[in-house]
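Notes to accompany the following structure.
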Amino acid sequence: MSLATAMFAIWLAAAGQPSSGDDSPLRVSVRSLSSDVIVATLIAVTPDSVKIEQDGEARTIPLNELLQVTPLVFESSGFDASGDNFVTCFPIEGGELRGRIVDSDGTGMLRMRIAEGRTVDIPFSAIAAVRFGSSNNTEMMGDFDARRSERKPGRDVLLVARDGRATAVPGALERLSTDGWVFRYGSRIRNGPLGSAYGVVLGSAAPRGARGPVAVSFGEANVLYGHLVSGDGHSIALDVASIGRVEIDWKSIRDLNFDSGRVVRLSEVAPTSATCESIIGGDWPAQRNRNVTGGPLRIAGRSYEDGWGVHARSRIEFALDGQYEQFAADVGVDSSVGMHGSVVFRVIADGEVVFESDVMRGGQAARRIKVPLGSAKQLVLECDRADGLDLADHANWANAYLVRRKESSPS
């Protein structure tokens with residue numbers, strides 16, 4: 001582990017220490033594959049299970065049966081990461097850390113403050129990309145996200161902002177600091193303030209598939225992926241591939257999301273058919289892990305890493321072959337259309353409508369749906385227009401996944 005990596009782990013360990021004299025039990029809501037949400041007291045976390053107590057009875061739930069654990073109390077730090085030197089860092093295994101760059105030499109590592117009094121040092125080798133500022137330029141955001149998902153090992157790409165568009169410059173990032181960025185391309189060295197570029201995608205040679213099965217959301221907008229090591233009612237220890245072991249206080253945790261071996265992301269399943277019939281005309285193909293215009297998936301301002309973006313009226317078909325017992329997703333109108341747009345979501349299994357939403361409108365919070373599939377051989381997702389024309393009917397099947405039947409699960 002490098003010195004910078006060790007410093008990151010030490011910081012989180014310090015942040016994870018319980019408050020003096022705070023011995024109140026940790027109450028959590030637990031969502032598993034086999035039951036609805038339950039509220040219980042968390043006893044312990046192990047690499048294989050979460051132990052809880054409900055109504056005086058102790059229960060052990062294997063991690064591969066869990067979807068989410070959420071503490072009932074979250075203490076916001078009130079930290080405002082916006083303004084000068086604001087950046088969003090994307091670690092190589094996924095997730096994101098938001099904060100402000102603070103004074104340092106900035107050579108070979110990023111030093112950022114993600115909470116008051118809490119500063120992290122992250123080596124460039126542990127970073128997939130860094131976005132500068134908080135621009136909502138859809139075109140540049142889409143270009144940045146596409147390059148981040150398809151980055152090439154050994155080559156960095158600086159996205160320079162020019163007239164609202166991003167110009168890609170290949171080379172090597174030398175430094176990131178409060179003074180800005182220093183970037184080498186060929187034999188030349190170029191530098192500039194953070195505001196002169198949209199971001200940088202780094203060619204860190206990380207093995208694909210390094211992302212851990214647990215996503216921990218903490219602080220105001222931070223997410224880390226890793227493997228659970230241990231935990232109690234005060235903190236958890238997480239093993240992050242690129243950074244090492246970290247500890248995080250439950251009071252700063254928003255939720256833990258688990259990627260069970262029985263869960264298959266719908267974005268990883270190839271549709272057998274995808275069509276769109278629009279009143280306004282044009283070509284609106286369904287987009288994997290993007291909204292229908294190629295931007296990030298967002299509903300009511302919340303971002304999602306995976307799912308399908310569509311335009312009403314759309315129909316996407318998937319072959320299930322009876323292997324899945326449940327479909328789940330967060331559905332809603334994409335944030336790119338603001339308060340416009342109105343749609344109806346429909347789930348069809350073997351020709352039978354098994355779910356239909358009320359009319360959902362722009363700006364409305366996502367609706368979480370969980371639909372039993374029985375032994376269905378075909379799944380169809382329809383997004384229909386509701387009021388008036390469909391000009392702004394851009395909608396998302398976000399965080400969409402299938403749950404394998406136990407007898408169909410890989411051993």
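The values are calculated or read from the model by the stated rules, or taken from the named source; none is laboratory data. Everything numeric here is computed off the predicted structure, so don't read it as measured data. All Cβ positions, glycine included, derive from the backbone under ideal geometry; neighbour counts span all protein chains shown.
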Checklist entry - Do we find that R368 is within 25 Å of the chain's Cα centre (by Cα), surrounded by fewer than 17 Cβ atoms within 10 Å (Cβ to Cβ), closer than 27 Å to N257 by Cβ and charged (D, E, K, R) in this structure? => result yes
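For the stretch 240-300, which strands (runs of 3 or more DSSP E) that fit wholly inside it have 3 or more residues that are closer than 27 Å to G226 by Cα and touching a strand residue (DSSP E or B) at 6+ places or on another chain (Cβ under 8 Å)? First the steps, then the outcome.
Details: elements: 244-249, 253-258, 263-265, 273-276, 297-299.
Where strands (runs of 3 or more DSSP E) fall fully within the stretch 240-300 and carry at least 3 residues being closer than 27 Å to G226 by Cα and touching a strand residue (DSSP E or B) at 6+ places or on another chain (Cβ under 8 Å), they are 244-249, 253-258, 263-265, 297-299.
State whether one or more residues within the stretch 68-83 are surrounded by 21 or more Cβ atoms within 10 Å (Cβ to Cβ) and either within 30 Å of R155 (Cβ to Cβ) or hydroxyl-bearing (S, T, Y) (or both). Give the derivation first.
If we filter the stretch 68-83 for residues that are surrounded by 21 or more Cβ atoms within 10 Å (Cβ to Cβ), which is where we start, we get 69, 81.
Adding the requirement that they be either within 30 Å of R155 (Cβ to Cβ) or hydroxyl-bearing (S, T, Y) (or both) leaves 81.
Taking every residue of the stretch 68-83 in turn, at least one turns out to be surrounded by 21 or more Cβ atoms within 10 Å (Cβ to Cβ) and either within 30 Å of R155 (Cβ to Cβ) or hydroxyl-bearing (S, T, Y) (or both).
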Checklist entry - Considering the stretch 301-328 alone, what residues qualify as being in a strand (DSSP E or B), over 22 Å from Y225 (Cα atoms) and of a type in the set (S, T, N, Q)? => result S314, Q326
Item to check | Subset of the stretch 40-72 [in a strand (DSSP E or B), among the hydroxyl-bearing types (S, T, Y) and under 20 Å from D259 (Cβ atoms)] | outcome: S49, T60, T70
Checklist outcome for this item: The residue from A241, A237 that alone is modelled with pLDDT under 90, in contact with a Lys or Arg (Cβ under 9 Å, 6 or more places away or on another chain), outside the structural domain of L379 (by TED's automatic domain parsing) and over 30 Å from A395 (Cβ atoms) is A241
Next on the checklist: Please go through (1) over 19 Å from the mean Cα position of the chain (by Cα); (2) under 24 Å from R288 (Cβ atoms) for G94 and return the number of the only condition it doesn't satisfy.
Outcome noted: (1)
Next on the checklist: Taking the criterion of being surrounded by 16 or more Cβ atoms within 10 Å (Cβ to Cβ), in contact (Cβ under 8 Å) with a residue 60 or more places away in the chain and under 19 Å from the mean Cα position of the chain (by Cα), would at least one residue in the stretch 269-285 satisfy it?
Outcome noted: yes
Next on the checklist: Name the single residue that is farthest from G341 (Cα to Cα) among those in the stretch 236-266 being surrounded by fewer than 19 Cβ atoms within 10 Å (Cβ to Cβ) and in contact with an Asp or Glu (Cβ under 8 Å, 6 or more places away or on another chain).
Outcome noted: R245
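Could you pull out the residue among S177, S149 that is closer than 24 Å to G99 by Cβ, at pLDDT 85 or above and among the polar types (S, T, N, Q)? Can you show your working first?
Numbers: S149 fails: at pLDDT 85 or above.
Just a single option satisfies the conditions, and that option is S177.
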Next on the checklist: Take the residues in the stretch 332-365 that are closer than 20 Å to R315 by Cβ and either outside the structural domain of R298 (by TED's automatic domain parsing) or of a type in the set (S, T, Y) (or both); name whichever of them is surrounded by the fewest Cβ atoms within 10 Å (Cβ to Cβ).
Outcome noted: S357
Checklist entry - On the given criteria, is G295 closer than 19 Å to N396 by Cα, at pLDDT 95 or above, surrounded by 19 or more Cβ atoms within 10 Å (Cβ to Cβ) and not hydrophobic (A, V, I, L, M, F, W, C)? => result no
Item to check | Matching residues, the stretch 77-128, being at pLDDT 80 or above and of a type in the set (S, T, Y) | outcome: T88, T107, T119, S125
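Would you confirm, using the coordinates I've provided, whether R290 is modelled with pLDDT under 95, outside the structural domain of P123 (by TED's automatic domain parsing), at negative phi and surrounded by 19 or more Cβ atoms within 10 Å (Cβ to Cβ)?
Numbers: modelled with pLDDT under 95: yes; outside the structural domain of P123 (by TED's automatic domain parsing): yes; at negative phi: yes; surrounded by 19 or more Cβ atoms within 10 Å (Cβ to Cβ): yes.
Taking the combined requirement at face value, the residue satisfies it.
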Checklist entry - Out of all the residues in the stretch 214-235, which are buried (at least 19 other Cβ atoms within 10 Å of the Cβ), among the aliphatic types (A, V, I, L, M) and either under 12 Å from the mean Cα position of the chain (by Cα) or within 15 Å of I92 (Cα to Cα) (or both)? => result V214, A215, V216, V223, L224
Checklist entry - Does V200 satisfy being over 24 Å from G307 (Cβ atoms) and either touching a residue at least 24 places away in the same chain (Cβ under 8 Å) or part of a strand (DSSP E or B) (or both)? => result yes
Item to check | Residue list for the stretch 213-239, restricted to those being of a type in the set (A, V, I, L, M, F, W, C) and in a strand (DSSP E or B) | outcome: V214, A215, V216, F218, V223, L224, L228, V229, I236, A237, L238
